[in-house]
Amino acid sequence: MPNQTLLSLSLVLGLLPALPVGAADDPPDDLPEDDTLVINGCPIWPHTRCPGADLRHADLVGKNLSGADLSGADLTRADLRGANLANANLDGANLTGARLNKASAPGATFRKARLVAADFEAARLMRTDFSGADLTAASLEFARLNYAWFVGAQLISSNLQEAKFVAVNFSDAVMEGCVKRFTIFPDATFDNCRGCPTDW
């Protein structure tokens, strides 16, 4: 009798569908199948894995890309206004001319990313890492950047007006020709920074 119970149980379990292995490659449970946005083979959802993806001119307004791996991706002129990029990896990505107004990217990494003329106006960038990034002519107007890192970053002719750089690390950075009206730098680190303010 116990053998018959085991046999019945194994038959029932054999009919169950196998569970997916790569959760990052599958859409979240709360996302209907027909609403999945895929751009050039890159599924747009949280924790997606699309290193090196071609997302030029992509409309990603308000999309949830938290925890996504977009390292080395081409996001030239992509529209990321209001997008959730919390803890996303954008290291080495090209975001030239990208629109990130009001984006939320706490804990995201943009190390060695190309952010020339990118617009981060009113973005939430707490604990974000911009080390080695090129922010030439970028706008960080009214952005909140508490505890962010700009080690070795280039901020040349950038709009920093009203930005809040609280406890930010600017070691070895270059900050030249920037608009700094009403910008604050409380407890910021400026070791070997060229052009950084000296009165904070």
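The values are calculated or read from the model by the stated rules, or taken from the named source; none is laboratory data. Fair warning: this is a prediction, and the values are worked out from it, not measured in the lab. Counting neighbours? That spans all protein chains shown, and the Cβs are built from the backbone with ideal geometry, glycine included.
Among what's in region 69-84 and is part of a loop (DSSP other than H, G, I, E, B) and in contact with a strand residue (DSSP E or B) (Cβ under 7 Å, 6 or more places away or on another chain), pick the residue that is nearest to Phe142 (Cα to Cα).
Of everything passing the filter in region 69-84, Arg81 is nearest to Phe142 (Cα to Cα).
Taking the stated definitions as given, is Ala117 surrounded by 19 or more Cβ atoms within 10 Å (Cβ to Cβ), within 28 Å of Phe165 (Cβ to Cβ) and free of Cβ contacts under 8 Å to residues at least 24 places away in the same chain?
Spelling it out, it is not the case that Ala117 is surrounded by 19 or more Cβ atoms within 10 Å (Cβ to Cβ), within 28 Å of Phe165 (Cβ to Cβ) and free of Cβ contacts under 8 Å to residues at least 24 places away in the same chain.
Could you identify the single residue in Leu90, Leu140 that is under 20 Å from His47 (Cα atoms), surrounded by 19 or more Cβ atoms within 10 Å (Cβ to Cβ) and without any contact (Cβ under 8 Å) to a residue 60 or more places away in the chain?
When all the criteria are applied, what remains is Leu90.
Looking at the structure I just gave you, is Pro197 free of Cβ contacts under 8 Å to residues at least 24 places away in the same chain, in a loop (DSSP other than H, G, I, E, B), over 30 Å from Asn64 (Cβ atoms) and not aliphatic (A, V, I, L, M)?
yes
Within region 31-45, count every residue that is modelled with pLDDT of 60 or more, assigned to a loop (DSSP other than H, G, I, E, B) and farther than 19 Å from Ala86 by Cα.
3
Do the conditions hold for Val151, that is, is it surrounded by fewer than 22 Cβ atoms within 10 Å (Cβ to Cβ), aliphatic (A, V, I, L, M) and more than 19 Å from the chain's Cα centre (by Cα)?
The answer is no for Val151.
Does region 110-129 contain any residue that is among the hydrophobic types (A, V, I, L, M, F, W, C), over 19 Å from Asp79 (Cβ atoms) and in a loop (DSSP other than H, G, I, E, B)?
Checked against the condition, which is being among the hydrophobic types (A, V, I, L, M, F, W, C), over 19 Å from Asp79 (Cβ atoms) and in a loop (DSSP other than H, G, I, E, B), region 110-129 yields at least one hit.
Of the conditions (1) surrounded by 19 or more Cβ atoms within 10 Å (Cβ to Cβ); (2) over 23 Å from Asn84 (Cα atoms), Asp172 clears all except one; give me its number.
That leaves (1) as the condition not met.
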